[in-house]
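Shown next, in structure tokens, is the structure this report addresses.
Here, each number is a calculation from the coordinates, and none is a lab measurement. Worth saying up front: this structure is predicted, and the values here are computed from it rather than measured. Note that we place each Cβ from the backbone using ideal geometry, even for glycine, and neighbour counts take in every protein chain shown.
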Amino acid sequence: MTEPRKEESGARPSSGRAFLSRTQKVSRCTQSHRGVVPPPLKTQLIFWPLMVVGIALDLWSKRAVFDWVQQQHNSIPIIDGFLQLVRLENPGAAIGIASGQRYLLIAVSVIALIVIFGIFLFSGSERKLVHIALGLFAAGVCGNLYDRIFNDGSVRDFIDIVYWPGKHWPAFNIADSLLCVGVGLMIFSALLTHKSPPAHAQQHR
């Protein structure tokens, strides 16, 4: 009478081990596919609105300022001797790099957008600063890409800064500003990442 009970009790550990192994396999499969899962909603509510608003602001400002400056004899002083609005078209990248290489610059912009979307969708980063920076990057790239495609390859710049008497910083636009802010946020996020492990270690102590 006692032998069947022993067999049943002996069978339970094996069934428990089988169930545990199946659970571990499922968890491993879930972890392996995490990179394919789209970012959470709160992350997308940061990235996409920033991108859309940034593109709209850049394109609107280019059109509005160019029309305004044209009516005011091609320059409007904002801060005398320091800041003015102008009408300039840059056929190249920053500081005139690759000037006239329209299709090359379009290809580079498209590749940059693919990289930005790839990082946003598959990096798994949970830092808000990274999501903000990526949204600004996407907006800046799209704003200048629009000009390269629909403005004969030239990007419209209108912000002119005099950093030294007679010395002008290369003219830029809102899209360029968004890219610079995005770079700054990325650097700041990287610094925070390096500082966070010691902080956690002190908390555990």
Amide H within-cut-off set for D157, under 5 Å, with H built and near neighbours excluded: L88, E89, N90
Separation in nanometres of the label points that stand 7 Å from Cα toward Cβ, at F188 and I78: 2.0 nm
Of the chymotrypsin sites (Phe, Trp or Tyr not before Pro) in the stretch 57-94, those whose Cβ has at most 15 other Cβ within 10 Å and which sit in DSSP loop: F82
Per residue, the convex hull volume that the Cα atoms of the stretch 68-135 enclose (Å³): 154 Å³
Under 5 Å, built H, 5+ apart or other chain: amide partners of L83: I78, V162
Note, ³J(HN,Hα) from phi for the stretch 108-121, Karplus 6.51, -1.76, 1.60, rounded to Hz, x at Gly and Pro: 4, 5, 5, 4, 4, 5, 4, 5, 4, 5, x, 5, 5, 7
The stretch 72-149 and the stretch 36-54: distance between their alpha carbon centers, rounded to Å: 19 Å
The stretch 60-73 - phi-based ³J(HN,Hα) in whole Hz, Karplus 6.51/-1.76/1.60, Gly and Pro as x: 5, 5, 4, 5, 5, 5, 4, 5, 5, 5, 4, 7, 10, 6
Net charge of neighbours whose Cβ lies under 14 Å from the Cβ of N151, counting Lys and Arg as +1 and Asp and Glu as -1: +1
Per-residue ³J(HN,Hα) for the stretch 176-182, Karplus 6.51 cos²θ - 1.76 cosθ + 1.60, θ = phi - 60°, Hz, x for Gly and Pro: 4, 5, 4, 5, 5, 5, x
